[in-house]
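Have a look at the structure below, then the notes.
All of the numbers you see were taken from the coordinates with simple rules; none came from a lab. Since this is a predicted model, take the numbers as computed values, not measurements. Counting neighbours? That spans all protein chains shown, and the Cβs are built from the backbone with ideal geometry, glycine included.
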There are 2 protein chains.
Amino acid sequence: MSLDPLLPETDLTRHRRLRDQGSLDRAELNAVLDAGFVCHLGVVVEGRPLVVPTVYGRDEERLYLHGSVASRSLAGGTPVCVTVTHVDGLVVARSVFEHGVNYRSAMIHGEARKVTDPDEKLAGLRRLTEHAAPGQWSYARGPNRKELAATTLLALSLQEASVKIRSGPPDDGDGPDADLGLWAGTLPLTSVWGPPAADPALPDNTPVPRHIARREGTRYA
Amino acid sequence: MSLDPLLPETDLTRHRRLRDQGSLDRAELNAVLDAGFVCHLGVVVEGRPLVVPTVYGRDEERLYLHGSVASRSLAGGTPVCVTVTHVDGLVVARSVFEHGVNYRSAMIHGEARKVTDPDEKLAGLRRLTEHAAPGQWSYARGPNRKELAATTLLALSLQEASVKIRSGPPDDGDGPDADLGLWAGTLPLTSVWGPPAADPALPDNTPVPRHIARREGTRYA
């Protein structure tokens, strides 16, 4: 089973503001999710919102999230909102009012479920690990029974989701402010993986595995 | 008036998990806030959480947030949670279980207030603009009365806040897994401002102002 390639318009996913930045394309949603590995998980605790950063991975149908503080409050069927945002740069306009941010953002709504089945938990953790650190699942020592039990993994359907993207120059290039003679454009931001830093506790000359070394200099998000 | 340099321990700010990563130092909180300009704002809408990315600035006592979708739901005294997270890299351990993220994260709890006084609104927008785009407040055309009215600005006290930071190598360098002979360490992530990209609508040879040009190559977050 796979999800509809068109994202559903619901009360939660409908783009009300800046509609031109919204997209209903599930492929764009997946691209935003695949570009990063840290999300912000929102839950309601005693009527108050709590927004916690955590790591995630996904398969075709659901997001897997590493449980944390928030998971204490997720006793089955609790509504959550997961947001992933990549900041691509600053939009520098002629007027303060038109300043903004170039970004890609995904938002997923649903009820998070605690994964309890050991096989699904292992499969979910594999997705999560390989998403953040490709190659590590088969290289590092896998979780034993005790570690598996000590890990909280949440699953969230990717069914109800929305994506918003802004790119390109500011919007006041064809208005009256264009005559002010001011510079306008964008200031791009780029995230890059640096050189691997060995744990000082490592014996000298422990080789850096290829799946780690090859990330150096590549772009993130 | 200024806030206590020691962050208060309340039910909302107490570090329950990974306590060693928590800090009660307001200077560290401010440093995390000053390093970025996009936060995740959490609100409760009809019992469900909503997590929206938006831009912010601050003064000594409060955070100013650009209103957005979420602000429709902020009819005075609504509890919010604002989280700012910088991802500094990946923690690559010997065991999957000990993998993690190096990060700096600030979390602020309180009731967001819509700023209505025009003077405070202008001052808050100035903080917000200068925080994201230093130098632009005096360079760009300032907001006129109509634009000011069309902008939703939220204020949130920095009183109740917490900060969490993780840095350094993985934690399994002195455990039994150290004998596995596996590489371990960190993969650092660095965000850098790229060269300014001029709006194609600009007349040729419009000079890039110094406050814009000098950001190129500097680190973000």
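Points worth noting:
- Working from label points 7 Å from Cα in the Cα-to-Cβ sense, the residue A:179 to residue B:120 distance is 3.8 nm.
- Across the copies of the chain, residue B:159 has label points (7 Å from Cα along Cα→Cβ) spaced 4.2 nm apart, shortest distance listed first.
- Per residue, the convex hull volume that the Cα atoms of the protein assembly as shown enclose (Å³): 155 Å³
- Principal-axis analysis of the Cα atoms of chain A puts helix A:118-132 at an angle of about 50° to the longest axis.
- In degrees, nearest ten, helix A:26-35 long axis to first principal axis of chain A (Cα): 70 degrees
- Peptide B:135-142 has a mean of 5 when you count, residue by residue, the C-beta atoms of other protein chains within 10 Å of its C-beta.
- Highest-MSF residue in chain B out of B:137, B:193, B:183 [GNM, Cα springs under 10 Å]: B:183
- Mean separation of Cα contacts under 8 Å (6+ apart) over length of chain A, as relative contact order %: 25 percent
- For the stretch A:108-221: rounded, prolate or oblate by the Cα gyration tensor [a/c cutoff 1.5]: oblate
- For chain B, a Gaussian network of Cα nodes joined below 10 Å ranks B:155, B:27, B:112 by mean-square fluctuation, and the top entry is B:27.
- Tensor-based shape of chain A (alpha-carbon gyration tensor, a/c under 1.5 rounded, otherwise prolate or oblate): oblate
- Shielding by partners for peptide A:96-109, expressed as the average number of C-beta atoms from other protein chains within 10 Å of each residue's C-beta, is 5.
- For chain B, built as a Gaussian network whose Cα springs stay under 10 Å, the top-fluctuating residue of B:204, B:172, B:34: B:204
- 222 nm mean residue ellipticity, helices alone, for the protein assembly as shown (DSSP H n ≥ 4; -39,500 (n - 2.57); rounded to 500): -4500 deg cm²/dmol
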